[in-house]
Amino acid sequence: MTIFEAVVIAIVEGITEFLPISSTGHMIITSSILHIAADPFTKLFEVAIQFGAILSVLVLYWKKFFPLNRFNFYLKLIVAVIPALALGAFFSKKIDSLLESPLTVSITMLAGGFILLFIDRLFIQPTVEKEENISLSKAFSIGVWQCLAMIPGTSRSAASIIGGMQQKLTRNLAAEFSFFLAVPTMAAATGYKLLKAWKENPELLQNKDNLIALGVGNVVAFIVAMLAIKFFIGFLQKHGFRLFGWYRIIAGIILLALIFTGHLK
């Protein structure tokens, strides 16, 4: 992987990680267009640069995460991340195979798009406006919804935000809790992927060029993700999810066209 390719994929990750449009799906398509999707390091890179995105949440919401004695806040995140950890442990091989399928991405992009077109009309009477009022049961339910994101193209952000709104959280609070939940979820995924690579293919992490690419990628993802989060919250307050729904539908149709015409495999 060249530095240019690393920067391109990191920009895609930073923009899409916290928007309800699927970062994994966009990175799969981007790496396919760059003709590096089959490279083992690319698959590791696409997960490892999530660390940069995690840091952006910690920096923007540092008052929520620090000091570390906020027991109830961390307990909610632990409870919410349990479903994803459990399913990930049991179905990791199946998930890895799905991650290589642009067709899966295109179908789920379309399906998610239609849902986002109507999501603002489905949940119109939220009752939970502050994170302190999110119960452990609600946190767990949101975590269950988040598991839908294991299907590439679904979007972890979209799944957890919809789960939050279904649990009566306001639109903005659902988005913010989705950001908070991303920290343990993505940290676990990144740590698992790096540990697996170290055990099965250690040369990937011993290669100087690969380490430079990871460093550059995480810095770029961190900066871009911070800007994306600020944009998303402001946009959400004024406009809701409808535009993201149309984007997903158009992107899904374009992907299907590229696949069936042989331009994308």
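The table below lists the values:
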read-out: Search result, residues across the range 146-155 that are open to solvent by less than 10 Å² (accessible area, probe 1.4 Å), part of a loop (DSSP other than H, G, I, E, B) and under 17 Å from L85 (Cα atoms); value: P152, S155
read-out: Search result, residues across the range 54-87 that are within 21 Å of L19 (Cβ to Cβ) and not in a helix (DSSP H, G or I); value: Y61
read-out: Extreme residue, farthest from A80 (Cα to Cα), among residues of the range 156-185 that are in contact with a Pro (Cβ under 8 Å, 6 or more places away or on another chain) and in a loop (DSSP other than H, G, I, E, B); value: T170
read-out: Check on K193, more than 16 Å from F41 (Cα to Cα), among the charged types (D, E, K, R) and out of contact with any Pro (no Cβ under 8 Å at 6 or more places or on another chain); value: no
read-out: All positions within the range 183-206 that are in contact with a helix residue (DSSP H, G or I) (Cβ under 8 Å, 6 or more places away or on another chain) and either of a type in the set (D, E, K, R) or over 20 Å from E13 (Cα atoms) (or both); value: K193, A197, W198, N201, L204, L205
read-out: Residue within the range 136-145 that is open to solvent by 30 Å² or more (accessible area, probe 1.4 Å), out of contact with any helix residue (DSSP H, G or I) (no Cβ under 7 Å at 6 or more places or on another chain), over 18 Å from L243 (Cβ atoms) and small (G, A, S) present; value: yes
read-out: Meets criteria (crowded, with 21+ Cβ neighbours inside 10 Å and out of contact with any His (no Cβ under 9 Å at 6 or more places or on another chain)) for F244; value: yes
read-out: Any hit, the range 186-197, residues being outside any helix (DSSP H, G or I), open to solvent by 20 Å² or more (accessible area, probe 1.4 Å), closer than 22 Å to V57 by Cβ and not aliphatic (A, V, I, L, M); value: no
read-out: Members of the range 159-200 found to be closer than 30 Å to L211 by Cα and of a type in the set (S, T, Y), listed by number; value: S178, T185, T190, Y192
read-out: Residue list for the range 247-257, filter: free of Cβ contacts under 8 Å to residues at least 24 places away in the same chain and surrounded by 14 or more Cβ atoms within 10 Å (Cβ to Cβ); value: I254
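The values are calculated or read from the model by the stated rules, or taken from the named source; none is laboratory data. A quick note: this is a predicted structure, and the numbers were derived from the prediction, not measured. Cβ coordinates were reconstructed from backbone atoms using ideal geometry, including for glycine residues, and neighbour counts include every protein chain displayed. Just so you know, the surface numbers come from the protein's heavy atoms only, side chains and all, with ligands and any DNA or RNA stripped out. Shrake-Rupley method; radii C 1.70, N 1.55, O 1.52, S 1.80 Å.
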